[in-house]
Amino acid sequence: MSVLRRIANLFHRSKLNEDIEAELGSHIEMRTADNIAAGMSPKEARRDAHLRFGNRGAMKERVIAADAHTLLDSLWQDLRFALRMLRKSPGFTAVAILTLALGIGANTAIFSFIDAVLLRVLPVRDSQQLVLLRWSAHAKPKIHGSDGYGDCDDNARDGACNFSLSFFKTIRAENNAFSGMAAFAGPIDVDLSGDGAASIAQGTYVSGDFFSTLGVNAFIGRPLSPADDNLSAPPAIVLNYAYWVQAFGGDRSVIGRTVRLDNTPATIIGVADPHFTNLTPGKPQDFFMPISLVNRVRDQWAGHAPYLTDAGTWWLVMLGRLTPGVSVGQAQAAATTIYRNEMLHGATPAFKEADAPEIRLEPARTGLNGETSRFAPMLLLMMIVVGFVLLIACANVAGLILARSATRQKEMAVRLALGAGRARIIRQLLTESVLLSFAGGVLGILFSVWGVETIGKLLTRGDQPFPFVVGPDWRILAFTIAATFATGILFGLAPALRSSRIDLTPSLKESASSLPESAAYTGRFFRLGDALVVAQVALSIIVLIGAGLLVRTLQNLRDINPGFDTRNILLFAIDPNIAGYSDAQIQQLYGNLQERLAALPGVISVSYSEEALLGGGWFGTEIHLDGAPPKQDITNLKQLPVGLNFFSTMHIPILSGRAFTSADFAAAIANNAAAAAWGTLARANSASPSASSSAAVASAREAYDHAAPTPVIINEAFAKKFLPDRNPVGMHIGGGQWTDNDVQHPSPGYAVVGIAGDTKYAQLTADTGPILFLPIVGNSAHFELRTAANPAVMVKSVREIVSRAGENLPLTEVRTQTEQIDRLLFEQRMLARLSGFFGVVALVLACIGLYGLLSYEVARRTRELGIRMALGAQTRDLLRLVVGQGILLVFIGTVIGIAAAMGVTRFISAMLYGIHANDPATITGVAILLTLVALAACYIPARRAMKVDPMIALRYE
Amino acid sequence: MAKNDLQGSLDLLVLKTVSQMGELHGYGIVLHIQRASDELLSVEEGSLYPALHRMEQSGWIRSEWKLTETNRKAKYYRLTAAGQKELRKAQESFEQVVKGVRAVLRHAQG
């Protein structure tokens, strides 16, 4: 209360002044009257009354100061005094500031990433009004196709966020709850060629009202508008700002320029606002194109899906902007009514009444979580780790201050004796610690800038940069300031409370260095100091064990034998499909490339496959084992279409039978062509049925049914699992029979020509399962070059060969096989490196704490040590005395830390591989490591203790 | 250990005076202390008002503008409950000091 009044008085100074003036005036009047009554002349009487006050101006200032003094003034005084005290002990100050800067900097850096990944608002107008529409139902929808691009969580229980174009049009027309609606899908890889070389760009399909609904303007040109949704509208695209700068050098004349998207010409009509980087976190795109282009520009996996017309093809993500005054609940009910009506009674019903289909609205920011879910667990774990480091730093600095405050207790005693209040002393000490943490915070921000850069590199996955923009904003600033002050108070409070409770008499009588051990004060101090060291050791044990587990996980992953030789392989991907090649042309191109690349000096052999091994992705298929009941398929069997020489290039042994030959590829191509011919005829027939066309379909099917089985190679796991106790070479395997049609007309199936050794396919951590290798037919491919030496040097000549072999063939994902594996392990690598780094930091901090405590101990006990020596103690005894105390603390801390770690590490068990969360070897290793380093930290003060000269020590007084 | 600086004794004198007189202005306090101490103690006006202000801010006394008997406007001070407590404390500690000082003097004589 009085604090507030004083501050208020500061602002009412003029009023206060008047008040004082009046009071003094009345005083002087009364004195003058009395003086006159006592016989003075009026002039003399007034002069005397004035004189008694001395300098009136100065006194008035003192009255005012009585108000302000106790608060602001003394705060300034505290600050100056604190500065002086810190300058007096530069060593202590430097260590404390560095320690705090490390802790605060690490926290700021990690928080910057959390901020970027989890806390950023969407870069759109009034993002809180923007909602994401999700559907859910008790059953799976009966639809023809369902696409997702990873914008929101989709799972069986909660439904997903994809809708058909026709439903988007329906709800947009029928609802009143949304003032605007937008739909989008993608991004997909598009072969974008303008003036220069072709390149792959990421394009997102958006509805014409996308930009107006989000409230995003064009930086230059115009955004897409509903008119662009017309199928007859000239194709137009809007570039993302960053892509415009990167690919077009920020050239304003791009507006109106025509580029080719997978050979479809389109005009650049605008560049989006620079703030609008992307909608779904971590999913940037290079340009936006109208949904109406989907039939002309599409992903190679999209096939012939009728995106524009079919209500049973779900692929668009929908956003709505709530009409002002409409609540989320009302909008949800309105949307559900429309959805339910469409789904149950529309042209293509997807659900039954009992499935209770409904729409749920989620705030767009949390609903569109995209890449967030991939990074969030890692970052939160790191946040906990650096939180521990900050705690250790606090305990460390608290210990330093405590040791220092012991040497300052005389100062404190004098101040208390002179009448300083306890609160005043605590405030003085807290001012010092907040000043320290403030300096640490400033330095910490510098550290964090460096940290953000380093961690950003760790989060880069091959050529895929970290997909979030990390930059300073007010949240990070607020976080750092809060962390700084919380830190200052946290580490300053305990020593401050302790110091202000000094028993004055002994402190004033004795010098600090000769305090007897029995003094009540020292007893309490050392229990606190010990506790701080124990806490540091325990916390760093937890961090170290966590780091140890993550490092061992990375090691285990690296030690996995993938079943092929990963050294000296260069990988790159090309996609002739989007450049408009036909299957036959692709086949020819691949053969051509294979030959020319193999002729390069330093290249041993060349092959290609539809997926790169350990690339993270895989293809699945169904087969029907001969003799199994109809429709009893083996589903989700991993298959890998490969090129000629694949097994020899990858050093995968052929255990029996043979590898693929050119004849095998010819057979596969023939079968594929037969299937395609049948499919084309069947589609034509269903579009306009006629007797002649159905006869053509029947004969095409006949031809396909009687084709020779496609030659395949199976791996050992396949043979053991599905064809045990037989020699599979030469055996037939049927294609999938999952419909009655398939049962009636079984596909030619496969003939096993060889058995290959087991390899990992998509992931290192997955079990080595059955794989079916097929001869590749068309499609995109990853090339593998086995080189004699470092494969990275081949990149330039490879690019030349590819660009000579075909126009508009961008090379993507150029990397070595080891880089590819590193990319797979990037999460684990990042976790291992960061936690390892912070583990070492924690260890060093804890040991500095231990060292500080023991050094102080030795200095304080110099006289006692001298007496012991004088009485005949050996240096070995003194060594044991000092080291013993340190090791005891370390031991207690280690035990507590291990116990806590055993409870805590199970939370990261999902991130571990090949190691138990309570792995005894790791725990023991960490304990030994910490003990060894701690011994070194004890040894230095102990040596000082041994060098104590008894004569000097006793003369010290 | 008691506080016994000059400021402490001035506070004690003021508090005691205000408590005895019930309600008094600054000038009255000066006069009262002078009279009550048989002219032995005189309060410096220059220190009185800062002290009064500080005590008011600490909540020991309250002030109010009133008219004197001679119809002059003056600021009157009166003791609060906190001031009552403070007075008791100050009085005790002062007596301790006096006792201590007296003991020292006696010791020096003997």
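Values quoted throughout were computed directly from the atomic coordinates according to the rules given, and no laboratory measurement underlies them. Here the structure is a predicted model, which means the values were calculated and not measured. Quick reminder, even Gly has a Cβ in these numbers, built from the backbone with ideal geometry, and neighbours come from all protein chains shown.
Just a few scattered comments:
- Two-decimal log10 I(q)/I(0) for segment A:589-733, as the Debye equation yields it once each C-alpha is a single scatterer, q = 0.16 Å⁻¹: -1.08
- Pairs beyond 21 Å (Cα-Cα), from A:Lys283/A:Lys457; A:Lys457/A:Lys796; A:Lys142/A:Lys352: A:Lys457/A:Lys796
- Taken over segment B:6-105, lysine pairs spaced eight or more positions apart, or on distinct chains, with alpha carbons under 29 Å apart number 12.
- Shown for chain B are the DSSP H helices of 18 Å or more along their axis, judged by Cα atoms, with a mean Kyte-Doolittle hydropathy of at least 0.0: B:6-21.
- Binned Cα-Cα distance frequencies in the protein assembly as shown - 20 Å width, integer %: 10, 26, 27, 19, 12, 5, 1, 0
- Once the Cα-Cα distance is subtracted from the 0.36 nm per residue extended length, the A:Val245 to A:Ala356 segment shows a gain of 35.1 nm.
- Farthest toward positive dipole pole in chain A [+1 Lys/Arg, -1 Asp/Glu at C-beta], among A:Pro223, A:His706, A:Ser835: A:Ser835
- Net charge of the neighbourhood of A:Gly208, taken over other residues with C-beta under 10 Å away and scored Lys/Arg +1, Asp/Glu -1, is -3.
- Within the straight-line cut-off of under 19 Å between alpha carbons, the lysines reachable from A:Lys638 are A:Lys720, A:Lys721, A:Lys760, sequence neighbours fewer than 8 places apart in one chain being disregarded.
- Rounded to the nearest 20 debye, dipole of segment A:870-957 from Cβ charges on Lys, Arg, Asp, Glu: 160 debye
- Label-point separation in nm, A:Lys796 to A:Gln555, each point 7 Å along Cα→Cβ: 4.0 nm
- Within chain A, helices built from complete DSSP H runs that reach 24 Å or longer along their own axis (Cα positions) and carry a mean Kyte-Doolittle hydropathy of -1.0 or higher are A:13-37, A:90-114, A:328-345, A:372-407, A:422-458, A:474-499, A:520-559, A:662-687, A:826-860, A:875-904, A:920-946.
- Relative contact order of chain B, defined on C-alpha pairs under 8 angstrom at six or more residues apart (%): 32 percent
- Of B:Thr80, B:Thr70, B:Thr17, the one that fluctuates the most in a GNM where chain B has Cα springs shorter than 10 Å: B:Thr70
- With Cα atoms as the point set, segment A:127-367 shows a radius of gyration and Dmax of 17.8, 57 Å.
- Across chain A, the relative contact order, built from alpha-carbon pairs under 8 Å that are at least six residues apart, equals 15 percent.
- Projected over all directions and averaged, the alpha-carbon convex hull of segment A:258-324 occupies 7.0 nm².
- Between A:Met951 and A:Ala921, the FRET efficiency estimated from the beta carbon spacing at R0 = 45 angstrom works out to 0.30.
- Cleavage-rule hits (trypsin sites (Lys or Arg not before Pro)) in segment A:292-366: DSSP loop, at most 15 neighbouring Cβ within 10 angstrom: A:Arg296, A:Lys352
- Annotation: aspartates and glutamates with alpha-carbon distance below 12 angstrom to A:Lys631 (same-chain offsets under eight excluded): A:Glu622, A:Asp740, A:Asp742.
- Computed over segment B:6-105, the percent of Cα pairs more than 25 Å apart is 19.
- Between the listed residues A:Pro235, A:Leu319, A:Ala333, the Cα displaced farthest toward the positive end of the dipole of segment A:127-367, a dipole computed from Cβ unit charges relative to the Cα centre, is found at A:Ala333.
- Net dipole in debye of the protein assembly as shown [+1 Lys, Arg Cβ; -1 Asp, Glu Cβ; about Cα centre; nearest 20]: 5360 debye
- For segment A:604-735, the Cβ-based charge dipole about the Cα centre amounts to some 60 debye (Lys, Arg positive; Asp, Glu negative; other atoms uncharged).
- For segment A:127-367, the relative contact order comes to 34 percent (Cα pairs under 8 Å, sequence separation of at least 6).
- Charge dipole (chain B, unit charges on Cβ, about Cα centre) - positive-most of B:Leu13, B:Gln84, B:Ser47: B:Gln84
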